[in-house]
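I am attaching a structure below and will ask some questions about it afterwards.
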Amino acid sequence: MDLTAHTAADLAESIASGEHSCREVVDAHLDRIAVVNPELNAIVSMRDRDDILAEADRHDRTQAESGVIGPLHGLPMAVKDLQDVAGFPTRHGSVITPTRPARSDGLLASRLRAAGAIIIGKTNTPEFGTGSHTFNEVFGVTRNPHDATRSAGGSSGGAAAALASHMLPLADGSDLGGSLRNPAAFCGVVGLRPGVGRVPSPSEISTHVMVLGVEGPMGRNVQDVALLLSVLAGPDPLDPLSRSEPGSSFAPPLSHRAGLRIGWGGDLGRFRCEPELLAVCRAAVSRLADAGHHVDEDHPDLGRSMDVFRVLRGIAYRSLGGALPDDQLARTKATVRENVEFGRGLGIDDLLRAEASRVVIHREMLHFFETHDVLAMPTTQVRPFPVEVEFPTEIDGHEMADYLEWMTSCCIITPTGCPAISIPCGTTSDGLPVGLQLVAPIGEERRLLEIAATAEAVFTT
């Protein structure tokens, strides 16, 4: 069987047992990349093949000599190009960023290496991670493995496309307004947005106010996502919001749960969604009911959430704009400049109202989770769209007010602080993947992973 078709957990086990060598696993994935990546353009800034294989050989020797290996020993990884990786430039998908290589690994890359992963390159992202469609002037557009004329989503579109096409067994990503969940749904894989602090993210900009974005894992199944989270999670003293639980507390195997109390939120009464996507997600939730879980049509009131998201996101972009000279900012894409200008128009009263609203949202979610284990809703409002389109301007005949409105289904969850996961739950009539988003209480990533694994088992039988 093609090694690239194995799950990450199976590959890690086969390497640990000696059934396969690191070189065999890496070589198979490099062969796959050579065939698939020229069309999909998911992996960028690749290392030389001989250098990668030499590192795989060193991993094999280390294993033979010591027998002590990490949970990702010998697995090839490519890091999203918003993160520093020693020896690679961190381009952020922008023509204005330096081309010199980073001198050292960021926290995410260092944790991957410590777990035994072999970093082979970077994955593509839109400029500064802006937008849920992966394209930029440095590396070009990333295409969907299910239909190369369609978007892979974003901003972790390169990661999701590489994973779905079996170029990588695991992938990392980041998520501010859906950048792990949206591309996972578009590409038919699993993407987890952990709560803030679950995966540490040391910042030189803000430790509290502007913290909406998180780093997290993607996999082709929920168990693999848990495996990667077990490596990425865990406290770090440079992040005062980082959580104290060790990453190992999320490691597979995951137990399945009986008698789940599921609130079907649908469109929450807050956003437009393609009717077929809504129907596919509703049918998936009905399958959970048929499997013995309790489902009712209920959801929290998130009427203030998008306003909070827009304000806090806008302040973050204001900070980005302040770090860029005007002549460099002028060279970025229009949506980056528009976000910076929106942020510059915000005042302290906007921030105070947003913070007050976050208190209301938090209490609303606490109340909802008193009677429900999980909130279920569509991950995306549209199916993957043509790569030539920057973002959808209408849904089901209704014009979008701006370029964030088509992403509300993910953005509206971000200010809750709750972990959220997208899992495949079906396809459209034209064969494109549909993702179901599941949301759990703050701090309950393990519970969410177990609920998602329970749902995944129903959907795949």
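Please name all residue pairs, on different chains or six or more residues apart, with Cβ atoms under 6 Å, provided the first residue is in region 63-75 and is in contact (Cβ under 8 Å) with a residue 24 or more places away in the chain and of a type in the set (Gly, Ala, Ser) and the second residue is surrounded by 10 or more Cβ atoms within 10 Å (Cβ to Cβ) and assigned to a helix (DSSP H, G or I).
Here the result reads Gly74/Ile15; Gly74/Cys22; Gly74/Val25; Gly74/His59, each pair linking region 63-75 to a residue that is surrounded by 10 or more Cβ atoms within 10 Å (Cβ to Cβ) and assigned to a helix (DSSP H, G or I).
Can you pull out the residues in region 257-269 that are in a loop (DSSP other than H, G, I, E, B) and under 23 Å from the mean Cα position of the chain (by Cα)?
The answer is Gly265, Gly266, Asp267, Leu268.
Leu448: touching a Cys at 6+ places or on another chain (Cβ under 6 Å) and outside any loop (DSSP other than H, G, I, E, B), yes or no?
no
As an exercise: evaluate Ala283 against (1) surrounded by fewer than 18 Cβ atoms within 10 Å (Cβ to Cβ); (2) within 25 Å of Ala455 (Cα to Cα); (3) within 24 Å of the chain's Cα centre (by Cα); (4) of a type outside the set (Ser, Thr, Tyr) and give the number of the one condition it does not meet.
Unmet condition: (3).
Please go through region 27-48 and pick out each residue that is touching an Asp or Glu at 6+ places or on another chain (Cβ under 9 Å), outside any loop (DSSP other than H, G, I, E, B) and either of a type in the set (S, T, N, Q) or over 20 Å from Ala8 (Cβ atoms) (or both).
The one that is touching an Asp or Glu at 6+ places or on another chain (Cβ under 9 Å), outside any loop (DSSP other than H, G, I, E, B) and either of a type in the set (S, T, N, Q) or over 20 Å from Ala8 (Cβ atoms) (or both): Val44.
Select from region 209-238 the residues that are over 30 Å from Ser357 (Cα atoms), out of contact with any Leu (no Cβ under 7 Å at 6 or more places or on another chain) and either part of a helix (DSSP H, G or I) or of a type outside the set (S, T, N, Q) (or both) and list them in ascending order.
Matches in region 209-238: Leu227, Ser230.
Here is a further query. Assess whether Arg331 counts as being at pLDDT 95 or above, surrounded by fewer than 19 Cβ atoms within 10 Å (Cβ to Cβ) and in a helix (DSSP H, G or I).
For Arg331, the condition - at pLDDT 95 or above, surrounded by fewer than 19 Cβ atoms within 10 Å (Cβ to Cβ) and in a helix (DSSP H, G or I) - is not met.
With Ser151, Ser94, Ser132, Ser104 as the choices, which residue is among the hydroxyl-bearing types (Ser, Thr, Tyr) and touching a His at 6+ places or on another chain (Cβ under 6 Å)?
So the residue among Ser151, Ser94, Ser132, Ser104 that is among the hydroxyl-bearing types (Ser, Thr, Tyr) and touching a His at 6+ places or on another chain (Cβ under 6 Å) is Ser151.
Here's something else I'd like to know. Could you please find all residues in region 313-327 being touching a residue at least 24 places away in the same chain (Cβ under 8 Å) and out of contact with any Ser or Thr (no Cβ under 9 Å at 6 or more places or on another chain)?
Listed by number, the residues that qualify are Gly314, Arg318, Leu320.
Check whether at least one residue in region 140-154 is under 8 Å from the mean Cα position of the chain (by Cα), among the polar types (S, T, N, Q) and either surrounded by fewer than 24 Cβ atoms within 10 Å (Cβ to Cβ) or within 13 Å of Gly213 (Cα to Cα) (or both), and report yes or no.
The answer is no; no qualifying residue exists.
The values are calculated or read from the model by the stated rules, or taken from the named source; none is laboratory data. These numbers were taken from a predicted model, which means no experiment stands behind them. Neighbour counts run over all protein chains shown; Cβ positions are idealised from the backbone, glycine included.
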